[in-house]
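To keep things clear, I will list the structure first and then write my remarks on it.
Every number in this text was worked out from the coordinates using simple rules, so none of it is lab data. The structure presented is a predicted model; accordingly, all values stated were derived computationally and were not measured. Methodologically, a virtual Cβ is constructed for each residue, glycine included, from the backbone with ideal geometry; neighbour enumeration extends over all protein chains shown.
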Amino acid sequence: MDFGQIIVQSLSGLAHASTLFLVASGLSLIFGVTRIVNFAHGSFYMLGAYLAYSITTRLPATPLGFWGGILIAALLVGVLGIVMEVLILRRIYRAPELFQILATFGVILIVQNVAQAAWGTGELLSPRAPGLRGAVEIFGNLFPEYDLALILLGPFVLALLWLLLHKTRWGVLVRAATQDRDMAASLGINQGLLFTGVLFLGCFLAGFAGGIQIPKEAANLQMDLQIIVETFVIVVIGGMGSILGAFLAAVLVGQVHAFGVVAFPSLTLVLIFLVMAVVLVFRPMGLLGRREKPQRLAPEAMERPYAPAQRGILVLWSVALAVLLAVPLVGTDYVLVILTEFFVLAVFAASLHFLMAVGGMVSFGHAAYFGVGAYFAALAATKLGLPMVAAIVLAGFGAAAAGALFGWFCTRLFGVYLAMLTLAFAQILWSVSIQWVAVTGGDNGIVGIKAASWVVSRTSFYYFTLFIAAAALISLRGIIFSPYGYTLRAGRDSPLRADATGVNVRRHQWMAFVLSGAFAGLAGALIAFQRGQVFPNDLSIATTVDGLVMVLLGGIQTLTGPVAGAFSYHLAHTELVRNFENYWRLILGAAIVLLVLAFPQGIVGALQNLAGRWRTVEARG
């Protein structure tokens, strides 16, 4: 690569960085003021692209028509951001981050279905920007004029944001709320209007970024999740809430993209996550981030202490187990398959619940251990020829080793930064599974995984999975009520006090990663033998999101919540896809949002509250 090519490649990275900065600046602004982890931010980027396509293709093909259409689209997206803030986010500002993530994930599903109904499933590519359709020669290499305009756009928007935040009264209020929103509220600042304005600006920037991208990238239904991952990486590298940090991180990621494709083509998918992991290891708060002040939670979000199961609950679980044992006598093959998958998902959800609720550490990358277990079992069975039980045991140890490795780094962080580092490790493994074709099979995965002859029928494998899942859930419950479990929760609730009493909090948290990884790997091994195949999707973000939804639907403050959440989510997802193929995302997303708003403590938590009120009424009566 000569000097001219290096310059052109660097400029390409800067052009890409401008788009990334526009999206990341909006997300960083929203988090800085509202402390909302807006997982749906990518959906507004996608809507900006679709709306800009629809508007610009109907306006005159002039620079005014093109840029005016993009501005109109961005304004509409900003208005939609206000709608989301008023209807949903305003009710969960004091909720834990997990509830916010679950609610905004529901918004993602709704927006995806609406976009599919409005624009279809095909890709929509806009014509090139009027007046910027040519190219300029730079050291003997041609470079698009439109990309040069994007390079100038990034710093221009940064300057406008700086002026807005530092030279206007509204900006002063935003910075005050960013520093301490409780103190700002006590001084009489109308937080409702301030948060609404911030959501409008953040979503406007996301919509504008989607609009300027349509001459370079076709609008499609995968844009939201693709951009949100990169955006979170940029915001975390720069420091949550820092606009300048987001700009620096976007430039860094843009250059990594530009030169990584040339220098390390086999590592293209993993490079930005390696960069984020390195930055967080040495700069736990990001480049320009600051240590966050813990926010005051709403009373309904406060953690309730776990209590040993009462006699009535034990009877109920015994009856449920008896029913499950009798299902093969009357159930169809379809029912057996659905329930077998439910047993696996219950173990996976319980392992994530153990890490989050008991250990107090949010994981956005728990699919890493599920996928490692699945691939270990598949490779042990197909490459090494090990028996099924031996392959499952090896998978558990392999996932535990991954938990030990990743946990050693992750336990140095906390909050969103810890969650994003877990995402980075999971994405690294996902990238390896796609690109290490000789071992993992790449996109084709590993097929032909055969279960042992004594569980070859659906009924026998059903009973085998039921036994393993029951043993795993009982073991996890035993760990929670062991001395280790009590000290782990002590470190979660009050790290300083626990440390003062001699509890090595970080070591306990590290062990939680190991145990959680082992049980998730066990679930991955079971699903590998149940399906007979393993694919990179088992390591993807979607798998982790499924786990998060199951835990939160059931109730994070209850020990039976993961099981109830796994059953409810898997049944709802399966039946909705089966019976409402075109609208299942809309229905499921609306149900998730409604559940978060109406029952923030999940299904089991809501039932416990109802039972508590009933006992109170009986006692008074």
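Okay, here's what the table says:
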{"item": "Overall form of segment 3-282 per C-alpha gyration tensor (a/c, 1.5; a/b vs b/c)", "result": "prolate"}
{"item": "Cβ-based charge dipole, the chain, positive-most Cα from A452, V23, V549", "result": "V549"}
{"item": "Proxy reagent accessibility, fewest Cβ within 10 Å first, across W67, W454", "result": "W454, W67"}
{"item": "Ranked packing of 206-213, 11-18, 276-283, most packed first, by mean Cβ within 10 Å", "result": "206-213, 11-18, 276-283"}
{"item": "Reciprocal of mean inverse Cα separation for segment 332-539 (Kirkwood radius, Å)", "result": "17.3 Å"}
{"item": "Cα-based shape type of segment 110-165, given that a ≥ b ≥ c are square roots of the gyration tensor eigenvalues and the cut on a/c is 1.5", "result": "oblate"}
{"item": "Debye equation applied to the C-alpha atoms of segment 318-390, log10 I(q)/I(0) at 0.11, 0.24 Å⁻¹", "result": "-0.45, -1.02"}
{"item": "Burial ranking of peptide ranges 501-512, 338-349 (average Cβ count within 10 Å, highest at the top)", "result": "338-349, 501-512"}
{"item": "Theoretical gain in end-to-end length, H573 to L244 [0.36 nm per residue, Cα-Cα removed]", "result": "114.3 nm"}
{"item": "Residue-wise HN-Hα coupling along segment 151-158, computed from phi with Karplus coefficients 6.51, -1.76, 1.60 (Hz; x: Gly, Pro)", "result": "4, 6, 5, x, x, 5, 5, 4"}
{"item": "Amide H contacts of A135 (H built 1.01 Å from N, under 5 Å, at least 5 apart or other chain)", "result": "E145"}
{"item": "Net length gained if the chain between L142 and N190 were fully extended (0.36 nm per residue, minus Cα distance)", "result": "12.1 nm"}
{"item": "Selection of chymotrypsin sites (Phe, Trp or Tyr not before Pro), segment 93-194, meeting DSSP coil and at most 15 other Cβ within 10 Å", "result": "F139"}
{"item": "For the chain: rounded, prolate or oblate by the Cα gyration tensor [a/c cutoff 1.5]", "result": "prolate"}
{"item": "Long-range HN-HN contacts of A452 with modeled amide H, under 5 Å", "result": "M388"}
{"item": "About the Cα centre, charge dipole magnitude for segment 332-539 (Lys/Arg +1, Asp/Glu -1 at Cβ), debye", "result": "380 debye"}
{"item": "Mean Cβ count within 10 Å, highest first, over the residues of peptides 551-561, 39-49", "result": "39-49, 551-561"}
{"item": "Exposure proxy ranking, count of Cβ atoms within 10 Å, fewest first, for C203, C410", "result": "C410, C203"}
{"item": "Loop-located trypsin sites (Lys or Arg not before Pro) in segment 54-143, at most 13 other Cβ atoms within 10 Å (DSSP)", "result": "R58, R133"}
{"item": "Overall Cα dimensions of segment 1-73 - principal axes, largest extent first, Å", "result": "45, 40, 16"}
{"item": "Unit charges on C-beta of K, R, D, E only; dipole of the chain, Debye", "result": "1500 debye"}
{"item": "In order through segment 352-368: 3J(HN,Hα) via Karplus (6.51 cos²θ - 1.76 cosθ + 1.60), integer Hz, x for Gly, Pro", "result": "5, 4, 4, 5, 7, 7, 7, x, x, 10, 7, 10, 9, x, 5, 4, 4"}
{"item": "Qualifying chymotrypsin sites (Phe, Trp or Tyr not before Pro) in segment 393-444, DSSP loop, other Cβ atoms within 10 Å at most 16", "result": "W436"}
{"item": "Theoretical ellipticity at 222 nm over the chain - DSSP helices of four or more residues, -39500 (n - 2.57) apiece, nearest 500", "result": "-24500 deg cm²/dmol"}
